[in-house]
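Here is the structure we will look at, set down as C-alpha cells.
Just so it is clear, none of the values below were taken in a lab; they were calculated from the coordinates. Not measured: the values here are computed from a predicted model. We place every Cβ from the backbone using ideal geometry, glycine too, and count neighbours over all the protein chains shown.
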Amino acid sequence: MRKASEMNFGEKCIIKDINDMNPSYKRILEIGFTPGQEIQLVNTSIFNDPLTFSLRGTLIALRKNQADSIIIN
Amino acid sequence: MQDTALIYLIGPPNSGKTTLFNIFSGKHFKTVNYPGSTVEYSSSDFLDKFEIKAKLFDFPGLISLNPDSLDEEIVVESLFNNSKNDCPNLILVTADSSQITRHLLLTKQLIDAGFNVVLVLTMKDILFRKNFKINTEKLSELLGIDVVSINGRTEDGIDLLVSAIKKNLNKPKAFPNPDKLKEFKTKDSLIKTFENIEQIASKVIEPINIDIEKANNQLNILNPVLREYSQKPDELTLKIDKILLHKYFGFIFFLLMMGAVFTSIFWLAAPLMDLVDSLFSSLANYASNSLGNNWYSDLIADGIISGTGAVLIFLPQILILFLILGLLEDTGYLARGAMLIDKPLSKIGLNGKSFVPMLSGFACAIPAILSTRTISNRRERLLTIFIIPLMSCSARLPVYVLLIAFLTPQDKPWLAGFFLSFVYLVSIILSIIVAYVINKFNKNLIKSDDNSSFILELPTYKLPKLKNVLRNSYENSKEYILRAGPVILILSLIIWFLTYFPNYSPQIEKEGLSEDEVILLENSERLANSYAAKIGEIIEPIMLPLGFDWRIGVSLITAFAAREVFVSSLALIFKITEEENIQTSLLNAMREAKIESTGEKLFTTSTSIGLIFFFIFAMQCISTLAVSKKETGSWRIPILQLIIFTSTAYVSTFLVVNFLRALGIN
C-alpha cells in the first residue's frame, strides 16, 4: 500500500482511497483528493515538507503526515 | 415578502467572490487571493443601477459546509443558526469555471441543505484560453438552479446575473435543514457527491471550435481525455514554480525576497518620514512665532500640531508595507511563502498560515491578529496571536529611528540603515525564541487538541492589479489613522497639559536676561513643577536601575497608549518647538540632558540600546490588548502578554544596560 507522501518528484499516480483514520481526511477529500483522481507531485521544498500536488487543474500544498492519508495505486 | 431581502455571497477561496461583491456594491475591496483575506464579512446595498432592493453580504471563503477554521465556522453559523427572519432569501455561490469539479462541492451542499441558490461561474476567460467552455443551460438543468457565467474583469454577464437575482428573489423563502450537515460529514457521501459532480462536469464542459483543425482533433477526444485537458494546471505557473519553488534555491529566494521587502520599506519610507517631520515642525514654528509667547500658542504648536505630526510620521511605512504585501499577495507568491516556511514554523508550534499574519504584524498588530482566523488549529492560532505583538510594528519605527540617530556618529549616516536592519533581525530572532519557549513550557497556557494541519491552495501566478493594491493599501492606512490617530492626539494633549500645569506662569528673575533666555528659563521652571514631574518622581525608583530618569519614565508610560507617542512625549518634555527640525532639536536636547539627582548624562550608548530592547519586547499598545481579548475570547492571553512581554522588556533592558556598562560602554 503506497501513500502519496512516498511519491517521487514529478511522478503521476491515481488515488485509490483516503484513509479515514487521519484527522484531516475530510478536508483532504473536500479539497478534491478523491479516489480515481490523478495527482502529480510537483514540488518538494527544501525540508521535504509540505508537498505540492497538482490535482484537478490546481496546485495544493499539504503536509507530509496529511499526504500519508492518500493511498495510491 | 419582508422589508429587506438578504442575499449572501458565498464561495470557495479564490473563486472571484470579492470581485463580484465589488461590482455590486461599488466598493473596491481587494480580490481574494490568499484564503481568508476577507476576514470579516462585509455588507452593502446594491448600486442603484442594478435596481435590486436587497442587502448583500460578503463572507470569507468556504470550501465546504464542514467548517475547518474559525473563519469557516462563522460562515456556516451565519447560514444555519439564525432566526427565520435573518435566513437569507438567496445565496449567490461562486465557482471558478476552470476549477469546477472542486468548486461545485459547496454548491451541491448548499442546494442539498435546501437553500435558494444561484450559481455564478467566474473566470470563464481562463477556461476559454484552454479552449473550453461550460454549457450553462445544461448545468442549470442538471443542478436544478439558475446558473450564470460572468467575467469579473469586463463585467460581461452581469446583466444576466441581475435578472436571475430578481427572478429568484420572487421565490418564496427557503429554510435550510441543519440535519443535512451531519450527512455531509461522512466519507461515503463526500465521495458520492464528487462522483456526481464529475458526471455533471463531463456533460457540461465543451470544447470551443475555434478553427477546423482543432475542432477535428477535439471531436476525436473522448470525455475522460477531455476532462484531463480542461484540468491541467496553468502552464506558466508550473514553469515559474520550477524556479521560485526549486527544492534548494526556492528557500534561498524566499529569504532574499523577505530581506528585500524589509530593506525597501526603510529605504522608501525614511525620506517620506523626514518630509512629514520637517513639514510639521515648520508648521509648529510658524504657529508659535505668529501667536507669541502665551499658553494657547504653546497648546497649538506643542500640543496640537506636533501631536498630529506624531500621528502622520509613521504613515509612510504602513502605506509602503501594505503596498508590498498587497503586491506579493496579488501575484500569488504569499501563499507559496506560507508553504515554504510551514516546516520551520511548525517546529516552534506555529503554522505556515501564521506567516502572513506575522508579516502584517510588521505594519500593525491589530489587522494581523484579525487575520489569524484562517489558522484552523486553535492552539496554533492562539500562539500566533500571542507572539504577534513582538513583530516590530510601524509604531516602533519612529522610536528606533530617533534612538538610532542618537547612536549613529553624525559623519556616518549610512550606519543608521544597518543598525535598523539589525534591530529588526534581533527582534525576529527574539520572537522566535519566545514562541519556542512559550510553546515548550506552557502546554497548559493554550489548551487545545493537537490536530495541526496545513492544506493550502497555491493560486495561479497573476500580474497584480495595481488599482486594487493601491486602494487596499489606502484603506488599511486610513483605518489605521482613524483608529490610532485620535488616541495619539488626545494623549499628546494630556501630556502637554501635564507638563504645562499647574505652574503655567512661573515667577522668575527677568533682570539682565534676554527674551529668549526668559522663555527658556520659564519653560524649565514650569516643567520642573508640573504634574508630569510629580508622576515621574513616583516612578523614578523603578527607572533608575535602567539608567532612566523620570522624563523617560513618563514617556514610557504614555507609550502604553501607542508606542510612537514616546517620541512626541520626549519632544514635549524637552520643550522642542524651535529650530528647523523636530528630530535634530530633540537629538540636541537629548545630548545635553542629565539626570537631575546624579548629574550623569541621561542618554548614553548603553541607555539608548537598553531603550531599544525595551521597545522590542514591551507590550505597550492598549488597542492590541483589546483586539487580543476580543479574538481569544478572554482576558487570559492579553493579560499574559502584558505581564510576560513587559517584564521581559524590563529585565532585558536592565541586563543590556548593565552588561554594556560592565564592558565599559557607558
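For the protein assembly as shown, the share of DSSP beta bridges that are antiparallel, to the nearest 5, is 60%. Ordered by the count of other Cβ atoms within 10 Å of each Cβ, fewest first, B:M619, B:M590 give B:M590, B:M619. Taken residue by residue and averaged, Cβ atoms of other chains lying within 10 Å of the Cβ of A:19-30 number 5. Here the extension length gained between B:S282 and B:D48 equals 79.6 nm, from 0.36 nm per residue of separation less the Cα-Cα distance. Note on chain B: Cα Rg divided by 2.2 N^0.38 Å, N the number of residues, gives 1.14.
Each residue of the range B:593-606 was assigned a 3J(HN,Hα) from its phi angle through the Karplus expression (A = 6.51, B = -1.76, C = 1.60, θ = phi - 60°), giving 4, 10, 6, 4, 6, 10, x, 6, 5, 7, 9, 10, 4, 5 Hz with x at Gly and Pro.
I need the chymotrypsin sites (Phe, Trp or Tyr not before Pro) found in the range B:610-645, filtered to DSSP loop residues with at most 13 other beta carbons within 10 Å of theirs. Answer in residue order: B:W635.
Output the 0 to 90 degree angle, nearest 10, between the alpha-carbon long axis of helix B:515-528 and the longest principal axis computed from the alpha carbons of chain B. Between the helix axis and the principal axis of chain B, the angle is about 70 degrees. Across chain B, the mean sequence separation of Cα contacts (distance under 8 Å, 6 or more residues apart), normalised by length, yields a relative contact order of 12 percent. Computed from phi, the 3J(HN,Hα) profile of the range B:91-102 under the Karplus parametrisation 6.51, -1.76, 1.60 (θ = phi - 60°) reads 10, 9, 10, 9, 8, 6, 4, 7, 10, 4, 5, 8 Hz, with x in place of Gly and Pro. For A:L55, the residues whose modelled amide H falls within less than 5 Å of its own, excluding neighbours fewer than 5 places apart on the same chain, are A:I60. Taking θ as phi - 60° and the Karplus parameters 6.51, -1.76 and 1.60, the scalar couplings of the range B:165-178 work out to 5, 4, 4, 6, 5, 6, 5, x, 5, 9, 9, x, 10, x Hz in sequence order, x denoting glycine and proline.
With a/c under 1.5 counting as rounded, go ahead and sort the range B:294-353 into rounded, prolate or oblate using the C-alpha gyration tensor (a ≥ b ≥ c being the square roots of the eigenvalues; past the cut-off, prolate if a/b is larger than b/c, else oblate). The shape class here is oblate. For B:L62, the residues 5 or more places off, or on other chains, whose built amide H falls under 5 Å of its own are B:G11. Taking every lysine pair in the range B:346-458 that is 8 or more places apart or spans two chains, those with Cα atoms closer than 30 Å amount to 6.
The calculated P(r) of the range B:482-570, using every Cα pair and 5 Å bins from 0, goes 3, 14, 20, 19, 17, 13, 9, 4, 1, 0 in percent. For the range B:298-425, averaging the sequence separation of C-alpha pairs within contact (under 8 Å, six or more residues apart) and dividing by the residue count gives a relative contact order of 19 percent. The mean count of C-beta atoms from other chains within 10 Å of the C-beta of residues in B:233-246, rounded to a whole number, is 3.
Sort out for me the Cα centre separation of the range B:413-433 from the range B:134-158, rounded to whole Å. A separation of 53 Å, based on Cα centres. As a proxy for reagent exposure, ranking B:I639, B:I265, A:I15 by other Cβ atoms within 10 Å from fewest up yields B:I639, A:I15, B:I265.
Using the Cα gyration tensor of the protein assembly as shown, with a ≥ b ≥ c the square roots of its eigenvalues, what is the shape: rounded (a/c below 1.5), prolate (a/b larger than b/c) or oblate (neither)? Because a/c hits 1.5 or more and a/b exceeds b/c, the protein assembly as shown counts as prolate. Taking B:K166 as the anchor, which lysines have their alpha carbon closer than 16 Å to its alpha carbon, excluding any fewer than eight residues away along the same chain? Cross-link targets: B:K49, B:K53, B:K55. Shape call for the range B:107-201 from the C-alpha gyration tensor, a ≥ b ≥ c root eigenvalues: rounded (a/c under 1.5), prolate (a/b greater than b/c) or oblate? The shape class here is oblate. Between B:L272 and B:Y248, the modelled label-to-label distance comes to 3.9 nm, taking each label 7 Å out from Cα in the direction of the beta carbon.
In terms of other Cβ atoms within 10 Å, B:I612, B:I665, B:I74 run from fewest to most in the order B:I665, B:I74, B:I612.
Based on Cα contacts under 8 Å between residues 6+ apart, the range B:591-643 shows a relative contact order of 22 percent. Once backbone amide H atoms are built at 1.01 Å from N, B:K133 has B:E206, B:I208 as its partners under 5 Å, excluding neighbours fewer than 5 places away on the same chain.
Highest mean first, the peptides A:58-70, A:27-39, B:94-106 sorted by other C-beta atoms within 10 Å per residue fall in the order B:94-106, A:58-70, A:27-39.
If you take each beta carbon of peptide A:31-37 and count the beta carbons of other chains within 10 angstrom, what is the mean?
The mean count of partner-chain Cβ atoms within 10 Å per residue comes to 6.
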